[in-house]
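Please read the structure below before turning to the comments.
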Amino acid sequence: MTVTDEELFERALAVRENAYAPYSNYRVGAAILDDTGDVHIGCNVENAAYPIGACAEASAIGAMVSKGGKTIKKMAIVGGGDKIEACTPCGGCRQAISEFADEDTVILLKDETGAVSRHRAQEMLPLAFRLKPRR
Ligand code: THU
C-alpha cells in the first residue's frame, strides 16, 4: 500500500503533538517513509542542557534504524511555535538525512500557508561529508 504525501504530513503533525519543547516552545514532527513502505515518526525532545536536545528528524531516523529500516524514501517535516511555520531541517539533520538517503530521497516541507514544497535530499546538502565504512 502506498503512503501519500498528505498521509505522511498527517503522521508528522500527529507526532508533533508529543514534542517535548518547553524551552523553545517550537514543536517539530517528522515522518519517514522507508524503502520497504514502513513509516517511522519522531518529534523534538529538548533538555535543560540545551545542546543535548534531539531534533525531530534525528528522532525519526533513530526510530527507523531501530526497526531495521535502511533508506529514507520520503520524509515529511512540520514545525513551528503556536502554528505551523516553514521549518527546514538544520545542518546537522541534513547530514543525518544524507546518511540514509539515496538519489531519489525527497524531503517534504509545509509552510505557514499550507503550501507543500518538495526537495531532493541531495540538493539540501551539496557536497555532504562521506566517510567510507571500514570493515
Ligand atoms: N528543531 C527540530 O526538531 N528540527 C529542525 O529541523 C529544526 C529545529 C528543534 C530543535 C529545538 O528543539 C527546536 O526545534 C528549536 O530549535
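The values are calculated or read from the model by the stated rules, or taken from the named source; none is laboratory data. Note that the coordinates shown come from a computational prediction; the quantities given were computed from them, not determined experimentally. Glycine gets a Cβ as well: all are built from the backbone with ideal geometry, and neighbour counts include every protein chain shown. Protein only, heavy atoms only, side chains kept; ligands, DNA and RNA dropped before computing areas. Shrake-Rupley method; radii C 1.70, N 1.55, O 1.52, S 1.80 Å.
Where in the range 1-88 are there trypsin sites (Lys or Arg not before Pro) that are in a DSSP coil and have at most 12 other Cβ atoms within 10 angstrom of their Cβ?
On the way: sites: R11, R16, R27, K67, K70, K73, K74, K83; in loops: K67, K70, K83.
Sites meeting the loop and neighbour criteria: K67, K70, K83.
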Distance (nanometres) between label positions extended 7 Å along Cα→Cβ at R134 and L13: 4.8
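Sum up the charges of everything whose Cβ sits under 10 Å from the Cβ of E85, counting Lys and Arg as +1 and Asp and Glu as -1, but leave E85 out.
Details: positive: K83, K110; negative: D82, D111, E112.
Overall, the nearby charge balance is -1.
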Only sites in a loop by DSSP and with at most 12 other Cβ atoms within 10 Å count here; which chymotrypsin sites (Phe, Trp or Tyr not before Pro) in the range 1-42 make the cut? Y23
Accessible area per residue, Å², the chain with all protein chains present, probe 1.4 Å: 59
Convex hull over the alpha-carbon atoms of the range 94-135: what's its volume per residue in Å³? 73
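In the chain, what percent of the accessible surface is made up of carbon and sulfur (1.4 Å probe, ligands and nucleic acids excluded)?
Details: 4300 of 7980 Å².
The value for the chain is 54 percent carbon and sulfur by accessible area.
With a cut-off of 8 Å between alpha carbons and a minimum separation of six or more residues, what is the relative contact order of the chain in percent? Working shown, then result.
Details: 289 pairs, mean separation 26.4, N = 135.
Answer for the chain is 20 percent.
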Tell me the volume per residue, in Å³, of the convex hull enclosing the alpha carbons of the chain. 117
Cross-link partners among lysines for K67, C-alpha distance below 24 Å, same-chain residues fewer than 8 apart left out? K132
